[in-house]
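Taking it in order: structure first as structure tokens, then the write-up.
Derivation of every value follows stated rules applied to the coordinates shown; laboratory data play no part. Everything numeric in this text was worked out from a predicted model, so none of it was measured. Please note: Cβ atoms are built from the backbone with ideal geometry, for glycine as well, and neighbour counts cover all protein chains shown.
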Amino acid sequence: MRFENEVKHKSEDIDEDVLTDAVAALQRRVTVSYVFDIPYIAGYSEDAKTIYIDRHLPRTIPWKGVRVRLAPFLVTHEIVEKALLDELRLHYLHAHQIALRAERDAVKAAGLNWRSYQAVMKAHEKQIDEEVLKRVPRRLDLTPYRDLDDFAVLERLTKAGAT
């Protein structure tokens, strides 16, 4: 798809429709995988071509009578974070904070309440973080775990097959 065809809305100001276009464009650039166990809910491949979302996380949440997909928001977060790590060599904590704000704004642009969205994420975070890792992608980027000195998770990941 040509870049100009992805832009359906134009504005120089902060605009929810433009952000929604951007979120859709980001999602078209990666493959999303739901078949692995991913600590911290989501992650990315070393080459940034695949976004991994933990297989236990629901794919949708109910919001005002409809089911809303979670992937576009998580993909936005993971792509922004990975780009900041790789292209600008930021520390994970800084990249994560910027990515979290992009994710939050994408959630709000979609008409969801950020606190409600976060409640769903927090409800699954602990059980995902404590799960026995059975399926781990071989090419999962381990930078977040290294930068946080999360040696316990790193050990679990490497034992389960991440390189």
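Lysine pairs in the chain with alpha-carbon atoms under 22 Å apart, 8 or more places apart or on different chains: how many are there? Pairs that pass both the separation and distance tests number 12.
Footprinting exposure proxy ranking of 51, 41, fewest other C-beta atoms within 10 angstrom first, gives 41, 51. Relative to the longest principal axis of the Cα atoms of the chain, the long axis of helix 92-109 lies at roughly 40 degrees. Counting neighbouring Cβ atoms within 10 Å and putting the fewest first, the residues 151, 36 line up as 151, 36.
In a fully extended conformation the segment linking residue 40 and residue 60 would gain 5.4 nm over its present Cα-Cα distance, using 0.36 nm per residue.
To the nearest 10 degrees, how steeply does helix 16-28 sit against the main Cα axis of the chain, on a 0 to 90 scale? Taking the Cα atoms of the chain, the angle to 16-28 is about 40 degrees. Going by neighbour counts of Cβ atoms within 10 Å, the residues 94, 77 line up, fewest first, as 94, 77.
Distant-in-sequence amide contacts of residue 68, defined by a placed amide H-H separation under 5 Å and a gap of 5 or more residues or a different chain, comprise 61, 63.
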